[in-house]
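Novice: Here it is, the structure, as structure tokens.
The values are calculated or read from the model by the stated rules, or taken from the named source; none is laboratory data. Owing to the predicted nature of the structure, the values given are computational and were not obtained by experimental measurement. Every residue, glycine among them, receives a Cβ derived from its backbone with ideal geometry; neighbour counts consider all protein chains shown. Note: accessible area is taken over every heavy atom of the protein model, side chains too, but ligands, DNA and RNA are not part of it. Shrake-Rupley method; radii C 1.70, N 1.55, O 1.52, S 1.80 Å.
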Amino acid sequence: MRLARLLDPRPAPLPLVVTPEQVGGPVAWQDLMRCGALTAVRDASLDTTGAVAVPASAHVTPAHRALALIASTGAGALPARAVLAGVSAAWIHTGLRDGRPAPRLPVGDSRLEVAHDATVRRPDVSTGTIVRCSPGLASDTMALAGVPVTTPVRTAADVACRLPFDHAVPVLTALAAGSADLAAVDLRVVERLLEARRRVVGRPAARRALAAARAHANGTGASGR
């Protein structure tokens, strides 16, 4: 083997997600989008601020969405003591936003929901970020491409309690169905976990949403209202 070959670096692997800054700025970004080299997972304004994409050939997974959410909200959006939770975790795991498929987040949708364990101080976050204190969070956290996110089971419990019925049921149904990138969540386990907690805000709403999602999965079509 020649010395020149040893010294030549191998092609760097493509990042899971890219931003305009990584490809040479707004003009280069727009060119790549126009020629179909990139697929947006987060739209942005005309100056491309907040834009995030994946290589056009990529199969978008929860790891892609976790990285895209962090990249679109900027450095420091997720403090060291926090994990992505609630509506943010729901989109990461299922690709649903407000109960509807959202393969790309629209311009202006910068909602971020994070949680921290009750044993740590409330983290400092940017304006507009929803912060919740969640006991037992450490055991209900997983890492997706290095990004801490509530597990699908914990996400299902949070969604059932906090999201409007029409938004919660599609997410719960998707979590129960699973996919190639997501192990199916047993909603009966979620319900038992919620019932075992001494105090749960939103327990009646969670029961209705979980019952409706189970009925949907069973093909009975019950509304749960």
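Novice: Considering every residue within segment 122-141, establish whether at least one is surrounded by 14 or more Cβ atoms within 10 Å (Cβ to Cβ) and closer than 24 Å to Val60 by Cα.
Specialist: Yes, segment 122-141 contains at least one residue that is surrounded by 14 or more Cβ atoms within 10 Å (Cβ to Cβ) and closer than 24 Å to Val60 by Cα.
Novice: Among the numbered criteria (1) out of contact with any helix residue (DSSP H, G or I) (no Cβ under 9 Å at 6 or more places or on another chain); (2) over 17 Å from His116 (Cα atoms); (3) surrounded by 13 or more Cβ atoms within 10 Å (Cβ to Cβ), which one does Asn218 miss?
Specialist: Condition (3) is where Asn218 drops out.
Novice: What pairs come up if the first residue lies in segment 188-216 and is over 19 Å from Gly136 (Cβ atoms), the second is open to solvent by 100 Å² or more (accessible area, probe 1.4 Å) and in a loop (DSSP other than H, G, I, E, B), and their beta carbons are under 8 Å apart, counting only those six or more places apart or on different chains?
Specialist: From residues that are over 19 Å from Gly136 (Cβ atoms), the pairs are Arg208/Arg225; Ala212/Arg225.
Novice: Same structure, new question: Can you tell me which of Val107, Val41, Val54 is hydrophobic (A, V, I, L, M, F, W, C), touching a residue at least 24 places away in the same chain (Cβ under 8 Å), at negative phi and out of contact with any helix residue (DSSP H, G or I) (no Cβ under 7 Å at 6 or more places or on another chain)?
Specialist: Unique residue meeting the criteria: Val107.
Novice: Checking Arg100 against (1) surrounded by 14 or more Cβ atoms within 10 Å (Cβ to Cβ); (2) farther than 16 Å from His64 by Cα; (3) touching a residue at least 60 places away in the same chain (Cβ under 8 Å), only one condition comes out false. Which one?
Specialist: (1) is the only condition that Arg100 fails.
Novice: Another question about this same structure. Look at Ile70 and say whether it is open to solvent by 30 Å² or more (accessible area, probe 1.4 Å) and without any contact (Cβ under 8 Å) to a residue 60 or more places away in the chain.
Specialist: In short, no.
Novice: Follow-up. From Arg208, Arg197, which residue is open to solvent by 40 Å² or more (accessible area, probe 1.4 Å), in contact with a Gly (Cβ under 8 Å, 6 or more places away or on another chain) and of a type in the set (Lys, Arg)?
Specialist: Step by step, each of Arg208, Arg197 is checked, and only Arg208 is open to solvent by 40 Å² or more (accessible area, probe 1.4 Å), in contact with a Gly (Cβ under 8 Å, 6 or more places away or on another chain) and of a type in the set (Lys, Arg).
Novice: Which count do you get for residues in segment 73-93 that are in contact with a Pro (Cβ under 8 Å, 6 or more places away or on another chain), over 13 Å from Ile130 (Cβ atoms) and open to solvent by less than 30 Å² (accessible area, probe 1.4 Å)?
Specialist: 3
Novice: Kindly evaluate Asp158 against the criterion of being surrounded by 16 or more Cβ atoms within 10 Å (Cβ to Cβ), of a type in the set (Asp, Glu) and closer than 28 Å to Leu38 by Cα.
Specialist: Spelling it out, it is not the case that Asp158 is surrounded by 16 or more Cβ atoms within 10 Å (Cβ to Cβ), of a type in the set (Asp, Glu) and closer than 28 Å to Leu38 by Cα.
Novice: With respect to Arg34, determine if the residue is modelled with pLDDT of 90 or more, at negative phi and of a type in the set (Lys, Arg).
Specialist: When the stated conditions are applied, Arg34 passes them.
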